[in-house]
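Following: one structure in structure tokens, then a few remarks.
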Amino acid sequence: MDTTDRRILDLLQSDASLSMNELADRTSLSKTAVWRRVRTLERQGIIKRRVTLLDAEALGFSLTVFALIRTNQHSDQWFATFKRAVESVPEILEFHRTSGDIDYLLKVVARDMRHYDDIYMRLIRELDFADISSTFVMETFSTRTELPI
């Protein structure tokens with residue numbers, strides 16, 4: 001990966017809707033050369049997908065929650081059930097296995113506290129957890145999707 005690839009990635013991270021013509025203009029390459037580079041970056045798995053970022057609050061999801069989960073269960077079967085449960089809840093935006101005192105971290109969006117409680121109750125009905133602690137976001141100052149290239 002060279003500086004031109006990095007420039008293309010930087011541009012696409014900021015605006016995935018840029019056309020090949022626009023990328024070509026901004027990188028001083030031909031449209032065909034840019035297209036080849038983007039295809040290569042996709043094949044290499046560097047570009048995973050192109051998405052549109054939406055405003056959660058504008059869509060009615062005014063509550064962001066980080067759910068910190070501890071479990072005494074560490075079997076493959078338990079994890080498969082847990083993963084299926086998490087993937088069945090579209091309001092769970094992120095799902096991480098962590099080190100330390102917390103086993104898993106979920107980032108959840110909800111319309112309000114009642115909506116989050118419904119999500120919480122769904123999870124605890126399906127699985128046995130040692131503990132779930134919820135941290136509610138009061139104010140967000142910064143979020144980024146762009147990686148430093």
* Write out, first by first residue and then by second, each pair whose Cβ atoms fall under 9 Å of each other, whose residues are 6+ apart or on separate chains, and whose first residue, in region 17-33, is farther than 12 Å from R7 by Cβ while the second is at pLDDT below 95 and among the β-branched types (V, I, T). => S17/T52
* Structure fact -> Note: among L106, L53, L93, L68, just one is in a loop (DSSP other than H, G, I, E, B) and hydrophobic (A, V, I, L, M, F, W, C), namely L53
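Based on this model, can you work out whether L106 counts as of a type in the set (A, V, I, L, M) and either exposed (fewer than 13 other Cβ atoms within 10 Å of the Cβ) or out of contact with any strand residue (DSSP E or B) (no Cβ under 9 Å at 6 or more places or on another chain) (or both)?
On the way: of a type in the set (A, V, I, L, M): yes; either exposed (fewer than 13 other Cβ atoms within 10 Å of the Cβ) or out of contact with any strand residue (DSSP E or B) (no Cβ under 9 Å at 6 or more places or on another chain) (or both): no.
Taking the combined requirement at face value, the residue does not satisfy it.
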* Quick one: in region 14-27, of everything that is outside any loop (DSSP other than H, G, I, E, B) and in contact with a Leu (Cβ under 7 Å, 6 or more places away or on another chain), which residue is surrounded by the most Cβ atoms within 10 Å (Cβ to Cβ)? => L23
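Within region 28-50, take every residue that is among the charged types (D, E, K, R) and either assigned to a helix (DSSP H, G or I) or in contact with a strand residue (DSSP E or B) (Cβ under 7 Å, 6 or more places away or on another chain) (or both) and give me the one that is farthest from A130 (Cα to Cα). Outline the logic, then answer.
Applying the first criterion (among the charged types (D, E, K, R)) to region 28-50 yields 31, 36-37, 39, 42-43, 48-50.
The next check asks that each one be either assigned to a helix (DSSP H, G or I) or in contact with a strand residue (DSSP E or B) (Cβ under 7 Å, 6 or more places away or on another chain) (or both); those that pass are 31, 36-37, 39, 42-43.
Values: K31: 55, R36: 50, R37: 48, R39: 45, E42: 40, R43: 41 Å.
The residue in question is K31.
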* Asked: What about V137, is it surrounded by 14 or more Cβ atoms within 10 Å (Cβ to Cβ) and of a type in the set (A, V, I, L, M)?
  -> no
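Which one of L29, L18, L41, L59 is under 30 Å from I124 (Cα atoms) and of a type outside the set (D, E, K, R)? Give the derivation first.
On the way: L29 fails: under 30 Å from I124 (Cα atoms); L18 fails: under 30 Å from I124 (Cα atoms); L41 fails: under 30 Å from I124 (Cα atoms).
Of the residues listed, the single one that is under 30 Å from I124 (Cα atoms) and of a type outside the set (D, E, K, R) is L59.
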* Structure fact -> Flagged pairs (Cβ under 6 angstrom, 6 or more apart or on separate chains; first in region 54-80, closer than 26 Å to T143 by Cβ and not assigned by TED's automatic domain parsing to the domain that holds T98; second at pLDDT 95 or above and exposed (fewer than 14 other Cβ atoms within 10 Å of the Cβ)) are none
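Looking only at region 7-54, count every residue that is farther than 20 Å from R144 by Cα and of a type in the set (S, T, N, Q) and tell me the total.
Residues of region 7-54 farther than 20 Å from R144 by Cα: 19-45.
From what's left, of a type in the set (S, T, N, Q): 19, 21, 27-28, 30, 32, 40, 44.
Residues that pass the stated criteria total 8.
For region 51-64, enumerate the residues that are surrounded by 13 or more Cβ atoms within 10 Å (Cβ to Cβ) and not aromatic (F, W, Y). Lay out the reasoning, then the answer.
So the first thing to find is which residues in region 51-64 are surrounded by 13 or more Cβ atoms within 10 Å (Cβ to Cβ), and the list is 56, 61-64.
Matches in region 51-64: A56, S62, L63, T64.
Which one is farthest from V137 (Cα to Cα) among residues in region 109-121 that are in a helix (DSSP H, G or I) and not acidic (D, E)?
First, pick out the residues of region 109-121 that are in a helix (DSSP H, G or I): 113-121.
Still in the list and also not acidic (D, E): 113-116, 119-121.
Values: M113: 12, R114: 15, H115: 15, Y116: 13, I119: 17, Y120: 16, M121: 20 Å.
Only one residue tops the list, namely M121.
The values are calculated or read from the model by the stated rules, or taken from the named source; none is laboratory data. The structure presented is a predicted model; accordingly, all values stated were derived computationally and were not measured. Here Cβ is always computed from backbone atoms with ideal geometry, including for glycine, and neighbour counts include all displayed protein chains.
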